[in-house]
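The values are calculated or read from the model by the stated rules, or taken from the named source; none is laboratory data. Values in this document were obtained by computation on a predicted structure and should not be read as measured data. Glycine also receives a Cβ, built like all others from the backbone with ideal geometry; neighbour counts cover every protein chain displayed. Surface accessibility is based on the protein's heavy atoms, side chains included, excluding ligands, DNA and RNA. Shrake-Rupley method; radii C 1.70, N 1.55, O 1.52, S 1.80 Å.
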Amino acid sequence: MDKLAGATTVPIIDTHIHLFDPGRPQGVPWPEKNNQVLYRPALPDRYRKVTQGLGVVGAIEVEASPWLEDNQWVLDIAAKDTIIVGTVGDLEPGQPKFRDNLERFHRNPLFRGIRYGNLWGRDLTAQLTRTEFISDLKALADDGLVLDTANQTPALIADVVRLTDRVSTLRVIIDHLPQMDPPADAAARRAVEADLRELGKRPQVYVKVSEVLRRVGGKVPEHLDFYRDRLDEFWDIFGQDRLLYGSDWPNSDLWGSYPQVLKIVREYFTAKGTAAAEKYFWKNSLAAYHWTKRNASQPSIS
């Protein structure tokens, strides 16, 4: 595929990439060594190469490790390359050192929030009953930071409704919603649709239209019509002001190349008009993350 086929005149802020280096002395908790696609360094210089000519001018790193000091490792990597406009770290609300660690990493303006959800053995349903957990999420909101939710399921979507009931000032970003399979059971499907529509009424909740590509019968469809109905559903519920672009690089390599990942959503959102494409590819990410402009190629709202 011609790499420039994915190019767009609208500047792109990619709100979901991962950085890691299996060659570090301490190794990495993810990906696993037997993953022949992912187990190699994923660093800004490689990201620049795979996105060259595609209009990507900035990216937000999202945690790929539960190790506390990897928050600092990522910030140190980000400091050396201006393509990184923000990071989403890994801290556990409700733990005794949460506030101290939040204060430590938030001193760096690139630190934009944390991720919590279906990963690293955590259980949002159980944590929502704990006063300490809710109190720490309120502190996160008071600092103007965000919560990304990981690996969506109907139960996690229901938890986000309850979470935003209790901490209404917290900006929440639902990651990779296209990868969530709707329940086969009709009642369960109606319930998750109702939860999504409720979240659609809450302006502090954003959705990453990321991990769009799917594998069917061993192949990944590369035509928009295969994905259109699902994208229309998100557009209908959340509208043009609440959807964000994220590639999930390099995890996205499991489905296709970066240009392939970009092609589907570029075609869909550019058809909505320039204003909608600008919102999806960068303006909404600025509203959600309050990321830091670090070089002249990165857009700003005048």
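Can you check what the net charge comes to around Val161, using other residues whose Cβ is under 12 Å from the Cβ of Val161 (Lys, Arg +1; Asp, Glu -1)? Provide the component values of the computation, followed by the final result.
Working: positive: Arg162, Arg166, Arg197, Lys201, Arg202; negative: Asp159, Asp165, Asp195, Glu198.
Summing Lys/Arg as +1 and Asp/Glu as -1 gives +1.
Expressed as a whole percent, the accessible area of the range 119-277 that falls on carbon and sulfur atoms is 49 (1.4 Å probe).
Note on Lys201 and Ala187: their simple-model spin labels are 2.3 nm apart, each label 7 Å out from Cα toward Cβ. Here the convex hull built on the C-alpha positions of the range 1-89 has a volume of 97 cubic angstrom per residue.
Indicate, rounded to the nearest 5 percent, the antiparallel portion of the DSSP beta bridges found entirely in the chain.
So the antiparallel bridges in the chain amount to around 5 percent.
Contact order, relative form, for the range 35-94: 41 percent (alpha carbon pairs under 8 Å, 6 or more residues apart, mean separation divided by residue count). Legend: Rg and Dmax of the range 1-158, from Cα coordinates, 16.8, 53 Å. Long hydrophobic helices in the chain: the complete DSSP H runs spanning 18 Å or more by Cα along their own axis with mean Kyte-Doolittle hydropathy of at least -1.0 are 154-166, 186-200, 224-238. Taking the inverse of the mean reciprocal distance over all distinct Cα pairs, the Kirkwood hydrodynamic radius of the chain comes to 19.6 Å.
Please work out the average accessible area per residue across the chain, using the 1.4 Å probe convention, and give it in Å².
On the way: 12890 Å² over 302 residues.
On a per-residue basis, 43 Å².
Among the trypsin sites (Lys or Arg not before Pro) in the range 195-302, those placed in a DSSP loop whose Cβ has at most 15 other Cβ atoms within 10 Å are Lys201, Arg214, Arg215, Lys272, Lys293. Taking other residues whose beta carbon is less than 9 angstrom from the beta carbon of Val10, and scoring Lys, Arg as +1 and Asp, Glu as -1, yields 0.
With Cα atoms as the point set, the radius of gyration and Dmax of the range 164-244 evaluate to 13.8, 43 Å. Working note: Debye formula, equal point scatterers on the alpha-carbon atoms of the range 167-302, no solvent; log10 I(q)/I(0) at q = 0.09, 0.13, 0.15 Å⁻¹ is -0.29, -0.60, -0.80.
Per residue, the average separation of C-alpha pairs within less than 8 Å and at least 6 apart gives the chain a relative contact order of 21 percent.
What longest region of the chain stays clear of GluC sites (Glu not before Pro) that DSSP places outside H, G, I, E and B and that have at most 15 other Cβ atoms within 10 Å? Show your work: numbers first, answer last.
Numbers: sites that count: Glu32, Glu222.
Longest stretch, sites excluded: 33-221.
Averaging the Cα positions of each part gives two centres, and for the range 53-90 and the range 242-302 these lie 16 Å apart.
Dipole orientation for the range 17-62: of the candidates Val50, Gly27, Ile17, Val50 has the Cα lying most toward the positive pole (charges on Cβ; Lys, Arg +1; Asp, Glu -1).
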